[in-house]
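Accompanying notes for the structure given below.
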Amino acid sequence: MMDTAARARITLWWSLFLFLGLSFAQTAAEGEAGTLKVGAVLNMRSLLGKMSRTSILMAMEDFYAVHRDYATKLVLHIRDSNGGGNIQAASAAIDLLENHHVQAIIGPEKSAEATFVSDIGNNSQVPVISFTATNPALSSANVPYFLRATLSDAAQVNSIAALIKAFGWREVVPIYEDTDYGRGIVPYLVDALQEFGASMPYRSVIAQSASSDQVEQELYKLMTMQTRVYIVHMLPTTGSILFKRAKEIGMMTEAYVWILTDGIANVVNSLSPSVLDAMDGALGVRFHVPRSKELDDFTARWNKRYRQDYPDDSLSQLSIYSLWGYDAVWALAQAAAKVRMTSPTFQKQKYRKNSTCVGTLGVSTVGPKLLDAILQCKFRGLSGDFDLRNRQLQFSTFQIINVVRRESKEIGYWTAKQGIFRNLNQDVSAHTYLNPMPDLNPVVWPGQTHIVPKGWQIPTNRKKLRVGVRTSGYPEFMKVQRDPVTNAITATGYAIDVFEEAIKKLPYAVPYEYVSFDALGVNYGSYNDFVYQVPLGVYDAAIGDITIRHNRTSYADFTLPYTESGVAMIVPVKDDTNKNTWIFLKPLTGDLWFASIAFLIYTGIVIWLLERRIRNAELTGSFFHQLGTAIYFSFFADRERVESILARLVVVVWVFVLLVITSSYTANLSSMLTVQKLQPTETDVHELLKRGEYVGYRTSSYVRELLEQLGFERSKIRAYTNPDDFADALDKGSKNGGIAAAIHEVPYIKLFLAKHCKGYTMVGPIYKSEGFGFAFPKRSPVVDDFSRAILKITEGDAIIQIEKKWIGDEHA
């Protein structure tokens, strides 16, 4: 048996072995658990930086209060960039990597700063998670270790463009700060607006360091322009200065439209009351955060914590950026728990000559695994669905707000699938689209009005719309005169009456003045030259007998035509009345005359045979005498002379046929004797071309180009200046120094025929054109309103009265 001493030694060895095993296990467990150092680069001088710090600290506390069993814990190191810009933010990131060996970096605040810090993180293979850098130019394609825990600014441009289209505005001016954040959205906004039919006539760029006076100077510049719809894309600090100045100089009135991007809209409730007063009536778009009990509880706790952290600051409301920062910390903590944190270290990079301090930073051994773990995180956070698989958050719904009485009032929503709608639980498919206005709650516009601004206004430096006019070759369409005493321009005519009637039907007042094209010293200039004064800025509009042509639409926009369209021929007429003595034979054709005579003889023979059978006393004498008597019965028979029942029936049928023929003959003969038949001498322009006839057109008209395109030689085309010249040339004819036809536009032909109503007629149209219209600058917002007004005129009695006044009654 084993003695007591031996058993004691064995027990001692087993105890020592068990103690060493437990120690190694505990050491291994402690090595596997460990900590993950995380850095945060925040600007503690800004409102957003302070709000973000509170959210990040609360996220750390809340996460580990819920997940007490998690072995790997985050250790946070916060560095203040002090608003020092890109260099200060980069220095803070290098300090965190070099001195604290952080394995992930949260921040920084601005897009330009994030560009520098993401390059540093990518070089060290350390994930950089920013929940405030929204510049679309920041792409993970070139910097794979950069993650955007927020939305790109490009996500909101379609919602803004849809809002612009819904209210019918044609032009907008973006006002943005001269930074990476401000400039980044512009290309995407331009594309979205073009897709929805709007454009940017001007871009207002304001320096981030601009003073109030410089901002005011830029606003005065905007007041000299026509567009009154502005999209403000800037940080709250610069935006506050902008709106205060706009309020002071009178740009927050009913004529203006202000739309906020999410840079200001997301934090609008945290702005000072004075800024909200200046912003009254503005619209905005921001990411929609779904309501939840967890969010309400967190909001209450956050407000209390923020007051504790910053007792001297005014109370700010929780913003979406704070929620994204909170959810980003939770995603990072979950990813850290999934990665085996066995002695996370930095491997030194190979030394390169003349390398910077960034090049000498180590490469994280944990970074690639941590990045993959973060990308796989997907959960329902306080901000909604949090998913970074595409290296940035994906948008779902945007909220449309209206700043009214120091509050942001919810007026609707927008999604890519459903567009603009009023309520989240609304059945969008049932919308009939009969109402031209967007399906939104009532909007209070600047100036406390509910009337939708038209989006443009005559600039303050030009009180009246400058309308170009010129004397037409047909004064009935337009005649321009200058008062020798007052030097005032007066214009009369068909086109002037239509224009002034359209002005009356506009839903707003438009003061205008006429500017003579003759005053430019180009009285004999072409209509192309006249219209081209509009894009040159000489006129705000050009009116008159201006044909809407393809080449002119390349540099001007036209209203709907106010006249008939087309090009036709004026040709002489020939009297087709037959003055022959034998005209009484013309009402019936030769075949009908022959058939009638044959039927008459046939009827007489039938009567003769029937009456002869019963020995009628009237049928006596020679054969021809009897036949003549039978034919006589066909015209003058009575019951006493025609004895046979069958013969009487034949007579009835013949009398009916004779009645029909007689009625038709009488009507045709009366028509031929009373109605003068006028026929055009020419009916086809191509026949004129084949025979080599001469044709005419009005001097300076585009019809000459048309005739050359049809194949007429220049020598066969003659120009005339007025209707009397046309009449003389048509009377002479093509062979006597005149023309066979005059090629002209239909409105002019109607005027010609009203004056020369005998001897001429219109043939055609032979060519399709758009008629006469008014020219405005490209993308002018007034074109649609003028077109609607012209449509009202042409559909009603007004255009008939104008035509009677200047052209005459076409039925006379």
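The values are calculated or read from the model by the stated rules, or taken from the named source; none is laboratory data. Just so it is clear, the structure is predicted and the values come from calculations on it, not from any experiment. Heads up, the Cβs are rebuilt from the backbone with ideal geometry, glycines too, and the neighbour counts pull from every protein chain shown. When the accessible area is computed, the model is the full protein with side chains, heavy atoms only, and any ligands, DNA or RNA have been set aside. Shrake-Rupley method; radii C 1.70, N 1.55, O 1.52, S 1.80 Å.
Output the qualifying pairs, or none if there are none: Cβ atoms under 6 angstrom, residues six or more apart or on different chains, first residue in region 333-347 and closer than 26 Å to residue 61 by Cβ and open to solvent by less than 80 Å² (accessible area, probe 1.4 Å), second residue at pLDDT below 85 and not polar (S, T, N, Q).
Every condition considered, the pairs that remain are 341/34.
Looking at region 523-554, which of its residues are open to solvent by less than 20 Å² (accessible area, probe 1.4 Å) and of a type in the set (A, V, I, L, M)?
Within region 523-554, 531, 534, 541, 542, 543, 546 meet the criteria.
Looking at this structure, is residue 496 crowded, with 17+ Cβ neighbours inside 10 Å, among the hydrophobic types (A, V, I, L, M, F, W, C), in contact with a strand residue (DSSP E or B) (Cβ under 6 Å, 6 or more places away or on another chain) and more than 29 Å from residue 256 (Cβ to Cβ)?
The answer is no for residue 496.
Please work out which residue is farthest from residue 684 (Cα to Cα), limiting yourself to region 741-755 and to residues that are open to solvent by less than 10 Å² (accessible area, probe 1.4 Å) and among the hydrophobic types (A, V, I, L, M, F, W, C).
Across region 741-755, the extreme among qualifying residues is 751.
From 189, 163, 147, 193, which residue is under 30 Å from residue 372 (Cα atoms) and among the aliphatic types (A, V, I, L, M)?
None of the other options fit; the residue is 147.
How do the pairs read when you match residues in region 66-78 that are at pLDDT 90 or above with residues anywhere that are assigned to a loop (DSSP other than H, G, I, E, B) and open to solvent by less than 50 Å² (accessible area, probe 1.4 Å), using Cβ under 7 Å and keeping only pairs 6 or more apart or on different chains?
Taking only residues 6 or more apart or on different chains, the pairs are 77/100; 77/102.
Output the number of the condition that residue 482 fails; it satisfies all remaining conditions of (1) in contact with a helix residue (DSSP H, G or I) (Cβ under 8 Å, 6 or more places away or on another chain); (2) modelled with pLDDT of 90 or more; (3) open to solvent by 40 Å² or more (accessible area, probe 1.4 Å).
All conditions are met except number (2).
At least 3 residues that are not small (Gly, Ala, Ser) in each: list the strands (runs of 3 or more DSSP E) lying fully within region 185-297 that qualify.
Output list reads 229-233, 257-260, 283-287.
Considering only residues that are at pLDDT below 95 and buried (at least 17 other Cβ atoms within 10 Å of the Cβ), look in region 173-185 and name the one that is nearest to the chain's Cα centre (by Cα).
185
Can you report the number of residues in region 109-166 which are more than 17 Å from residue 261 (Cα to Cα), surrounded by 22 or more Cβ atoms within 10 Å (Cβ to Cβ) and of a type in the set (Gly, Ala, Ser)?
6
Count, please, the residues in region 686-716 that happen to be over 21 Å from residue 525 (Cα atoms), touching a residue at least 40 places away in the same chain (Cβ under 8 Å) and of a type in the set (A, V, I, L, M, F, W, C).
Final tally of qualifying residues: 2.
How many residues are assigned to a loop (DSSP other than H, G, I, E, B) and modelled with pLDDT of 90 or more if we restrict to region 163-172?
Residues that pass the stated criteria total 3.
Collect the residues in region 678-693 that are among the basic types (Lys, Arg) and either open to solvent by less than 70 Å² (accessible area, probe 1.4 Å) or out of contact with any Ser or Thr (no Cβ under 9 Å at 6 or more places or on another chain) (or both), keeping them in residue-number order.
Result: 690, single match.
With respect to residue 53, determine if the residue is in contact with a strand residue (DSSP E or B) (Cβ under 9 Å, 6 or more places away or on another chain), assigned to a helix (DSSP H, G or I) and open to solvent by 60 Å² or more (accessible area, probe 1.4 Å).
Here the answer is yes, as residue 53 does meet what is asked.
Quick check on region 786-795. Is at least one of its residues assigned to a loop (DSSP other than H, G, I, E, B), under 33 Å from the mean Cα position of the chain (by Cα) and surrounded by 17 or more Cβ atoms within 10 Å (Cβ to Cβ)?
No, every residue in region 786-795 fails to be assigned to a loop (DSSP other than H, G, I, E, B), under 33 Å from the mean Cα position of the chain (by Cα) and surrounded by 17 or more Cβ atoms within 10 Å (Cβ to Cβ).
Under 7 Å between Cβ atoms, which residue pairs at least 6 apart in sequence (or on different chains) link something in region 655-668 that is touching a residue at least 60 places away in the same chain (Cβ under 8 Å) with a partner that is outside any helix (DSSP H, G or I) and not aromatic (Phe, Trp, Tyr)?
Sorted first by the residue in region 655-668, then by its partner, the pairs are 665/587; 665/588; 668/587.
Here is a list of conditions, (1) buried (at least 17 other Cβ atoms within 10 Å of the Cβ); (2) in a helix (DSSP H, G or I); (3) among the polar types (S, T, N, Q), and residue 801 meets all of them except one; can you say which number that is?
(1)
Would you mind finding the one in 415, 397, 365 that is open to solvent by less than 80 Å² (accessible area, probe 1.4 Å) and touching a His at 6+ places or on another chain (Cβ under 7 Å)?
Within the list 415, 397, 365, the selection yields 397.
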